[in-house]
Amino acid sequence: MPLQIDLPPGFAGMPVGRDDKMNRSHAWMVAENVAAGAGKSVEEFGSYLMALVPTMQANGIRVFGKFAVGPRKGDVATLTLGVAQWPDTAPGNRDAVVAALAEQYRGRHKRAVVQPVRLPIGPAVVAISGGEFHLPEQDVRTQIKAEYQIPLPDGRSVVILSVVASSEDAWPAIADATAKVAWSLRSGEAGR
């Protein structure tokens, strides 16, 4: 199902599709815009992005990137939007699916705030959670996450929109930016 979204202001990222030529074009465009800031050459940064594409494709990721968020300069969030297909038969009632997704999320993330919401595209689950992300060599980083799980009207798939940042002070801005993207989700077929 073709989808459209409105991305946050200042979003730097790329769509990921099935066409590798198009993916390469997007990766190089992103690399041209951000490589210098990352201290890399366009070729090096572009090759890093292209190395990620097969894994993103395999996991249903359609868009990923970063944008500024929060009260402090330098606070950035990572946005990932993916589409997962139902493994067997498509669920019938999207409200029942949302209730089941919410329970499953609560089971995996005991301290998350999880609730069903109604978006213009239909029912969804929204969750806000915080915690720590442990890296090698005892490097621990704060992680604030807002996530929407949105069963699509096609009855065969669910959108997973996730925004993660490391600034605890930025959580209201993260929640707001994620909500704006989720509320903008619409079928790409409308303009055809």
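The values are calculated or read from the model by the stated rules, or taken from the named source; none is laboratory data. Note that this is a predicted model, so its numbers are computed, not measured. Every residue, glycine among them, receives a Cβ derived from its backbone with ideal geometry; neighbour counts consider all protein chains shown. With ligands, DNA and RNA removed, areas are computed over all heavy atoms of the protein, side chains included. Shrake-Rupley method; radii C 1.70, N 1.55, O 1.52, S 1.80 Å.
For segment 1-35, how many residues are open to solvent by 50 Å² or more (accessible area, probe 1.4 Å), under 18 Å from Leu79 (Cβ atoms), in contact with a helix residue (DSSP H, G or I) (Cβ under 8 Å, 6 or more places away or on another chain) and not in a strand (DSSP E or B)?
The total comes to 2.
Taking Arg24, is it within 27 Å of Glu147 (Cβ to Cβ) and either among the small types (Gly, Ala, Ser) or in contact (Cβ under 8 Å) with a residue 24 or more places away in the chain (or both)?
no
Suppose we filter segment 102-117 for residues that are open to solvent by less than 100 Å² (accessible area, probe 1.4 Å), in a helix (DSSP H, G or I) and more than 16 Å from Gly130 (Cα to Cα); how many remain?
1
Report yes if Gln149 is in contact (Cβ under 8 Å) with a residue 40 or more places away in the chain, exposed (fewer than 13 other Cβ atoms within 10 Å of the Cβ), closer than 20 Å to Leu3 by Cα and among the polar types (S, T, N, Q), otherwise no.
So Gln149 fails the test.
When you scan segment 49-58, do you find a residue that is free of Cβ contacts under 8 Å to residues at least 40 places away in the same chain, assigned to a loop (DSSP other than H, G, I, E, B) and either more than 17 Å from Val163 (Cα to Cα) or not acidic (Asp, Glu) (or both), even just one?
No, every residue in segment 49-58 fails to be free of Cβ contacts under 8 Å to residues at least 40 places away in the same chain, assigned to a loop (DSSP other than H, G, I, E, B) and either more than 17 Å from Val163 (Cα to Cα) or not acidic (Asp, Glu) (or both).
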